[in-house]
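Engineer: Here you go, one structure.
The values are calculated or read from the model by the stated rules, or taken from the named source; none is laboratory data. Predicted model only: the values in this text are computed from it and were never measured. Using ideal geometry, Cβ is built from the backbone for each residue, glycine included, and neighbour counts are taken over all protein chains shown.
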Amino acid sequence: MKKNSDKKILFISGSPRSGNTEYVISRLLDLVKGDNEAIFLREKNIKRCKGCLACHSQPICPIKDDDVHQIMNQVINADILVVGSPNYFENVSGLMKDFIDRLHPLYKNKVIKGKKAVLFMVGGGKALGNSEVAKSSMHGFIKHYELELVQTFGFQALGLNDLKKDSSNEEIMVKMAQIINEL
């Protein structure tokens with residue numbers, strides 16, 4: 001069994017802007033031990049899934065002119081996924097949804113089955129409510145990719161930098177880091 005310091009942890013931000021979701025990831029990168037890597041989906045070229053179902057016959061997406069194949073390799077090579085999104089109308093951002101949809105070849109070949117996942121969501125509602133929205137809106141991602149959901153977390157923040165201004169959220173981030181460090 002790998003020690004945490006030997007585990008590759010991939011942090012994925014589904015926010016279309018540099019704000020609260022990225023702030024949580026930046027804090028976790030400071031607090032979590034291990035081989036950490038972050039993907040900020042807003043910086044990537046991710047085309048939408050065309051629903052062509054080509055990946056049903058062979059586990060590769062026929063869309064080649066974006067960054068998704070590189071991202072898939074990063075997901076495959078990770079031991080732990082930490083996935084965060086803003087809460088947009090009780091769902092993930094469109095960017096996060098595109099990311100989840102485009103990973104479909106990994107669903108068909110089960111190569112990420114059993115990976116541990118920690119989810120979080122940031123939104124204007126209460127923290128507990130955002131945690132429940134994360135669990136609900138990413139349910140299909142966890143279920144169909146057969147990931148092991150460790151825990152979901154929620155943060156209350158509406159303005160662009162609310163979490164930076166409110167130190168009370170630090171306790172949640174420290175708890176997240178402790179859980180990830182124990183995996």
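Engineer: For region 149-183, how many residues meet the condition of being hydroxyl-bearing (Ser, Thr, Tyr) and touching a residue at least 24 places away in the same chain (Cβ under 8 Å)?
Structural biologist: Adding up the residues that qualify gives 1.
Results for (1) touching a Ser or Thr at 6+ places or on another chain (Cβ under 6 Å); (2) more than 21 Å from residue 47 (Cβ to Cβ), shown as yes or no for each residue.
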residue: 67; (1), (2): no, no
residue: 85; (1), (2): yes, no
residue: 101; (1), (2): no, no
residue: 109; (1), (2): no, no
residue: 113; (1), (2): no, yes
residue: 133; (1), (2): no, yes
residue: 148; (1), (2): no, yes
residue: 154; (1), (2): yes, yes
residue: 177; (1), (2): no, yes
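Engineer: Also: I'd like to check something: does region 74-95 contain any residue that is among the hydrophobic types (A, V, I, L, M, F, W, C), in contact (Cβ under 8 Å) with a residue 12 or more places away in the chain and farther than 24 Å from residue 176 by Cα?
Structural biologist: Scanning region 74-95 turns up no residue that is among the hydrophobic types (A, V, I, L, M, F, W, C), in contact (Cβ under 8 Å) with a residue 12 or more places away in the chain and farther than 24 Å from residue 176 by Cα.
Engineer: Testing residue 17 on (1) modelled with pLDDT of 95 or more; (2) in contact with a strand residue (DSSP E or B) (Cβ under 9 Å, 6 or more places away or on another chain); (3) farther than 14 Å from residue 68 by Cα, one condition comes back false. Which one is that?
Structural biologist: Of everything listed in (1) modelled with pLDDT of 95 or more; (2) in contact with a strand residue (DSSP E or B) (Cβ under 9 Å, 6 or more places away or on another chain); (3) farther than 14 Å from residue 68 by Cα, residue 17 misses just condition (1).
Engineer: Consider residue 114 against the criteria (1) on the phi > 0 side of the Ramachandran plot; (2) modelled with pLDDT under 95: it satisfies all of them except one. Which criterion is unmet?
Structural biologist: Here residue 114 meets the rest and fails (2).
Engineer: Go through region 30-68 and give me each residue that's more than 17 Å from residue 12 (Cβ to Cβ) and either of a type in the set (Phe, Trp, Tyr) or touching a Leu at 6+ places or on another chain (Cβ under 8 Å) (or both).
Structural biologist: Within region 30-68, 59 is the sole residue that qualifies.
Engineer: Please work out if residue 128 is part of a loop (DSSP other than H, G, I, E, B), modelled with pLDDT under 90 and either out of contact with any helix residue (DSSP H, G or I) (no Cβ under 8 Å at 6 or more places or on another chain) or crowded, with 21+ Cβ neighbours inside 10 Å (or both). Write out each step before concluding.
Structural biologist: Details: part of a loop (DSSP other than H, G, I, E, B): no; modelled with pLDDT under 90: yes; either out of contact with any helix residue (DSSP H, G or I) (no Cβ under 8 Å at 6 or more places or on another chain) or crowded, with 21+ Cβ neighbours inside 10 Å (or both): yes.
Criteria not met by residue 128.
Engineer: I'd like the full set of residues that are under 25 Å from residue 33 (Cα atoms) and either without any contact (Cβ under 8 Å) to a residue 12 or more places away in the chain or surrounded by 16 or more Cβ atoms within 10 Å (Cβ to Cβ) (or both), limited to region 136-148.
Structural biologist: 142, 147
Engineer: Is it true that some residue in region 150-160 is out of contact with any helix residue (DSSP H, G or I) (no Cβ under 7 Å at 6 or more places or on another chain), at pLDDT below 95, in a helix (DSSP H, G or I) and surrounded by fewer than 15 Cβ atoms within 10 Å (Cβ to Cβ)?
Structural biologist: The answer is no, given that none of the residues of region 150-160 is out of contact with any helix residue (DSSP H, G or I) (no Cβ under 7 Å at 6 or more places or on another chain), at pLDDT below 95, in a helix (DSSP H, G or I) and surrounded by fewer than 15 Cβ atoms within 10 Å (Cβ to Cβ).
Engineer: Looking at region 161-183 only, could you name the residues that are in contact with a helix residue (DSSP H, G or I) (Cβ under 8 Å, 6 or more places away or on another chain), in a helix (DSSP H, G or I) and farther than 18 Å from residue 114 by Cα? I'd like the intermediate steps shown before the answer.
Structural biologist: Quick first cut of region 161-183, residues in contact with a helix residue (DSSP H, G or I) (Cβ under 8 Å, 6 or more places away or on another chain) only: 161-164, 169-170, 172-174, 176-177, 180-183.
If we keep only those that are in a helix (DSSP H, G or I) too, we end up with 162-164, 169-170, 172-174, 176-177, 180-182.
Selection gives 162, 163, 164, 169, 170, 172, 173, 174, 176, 177.
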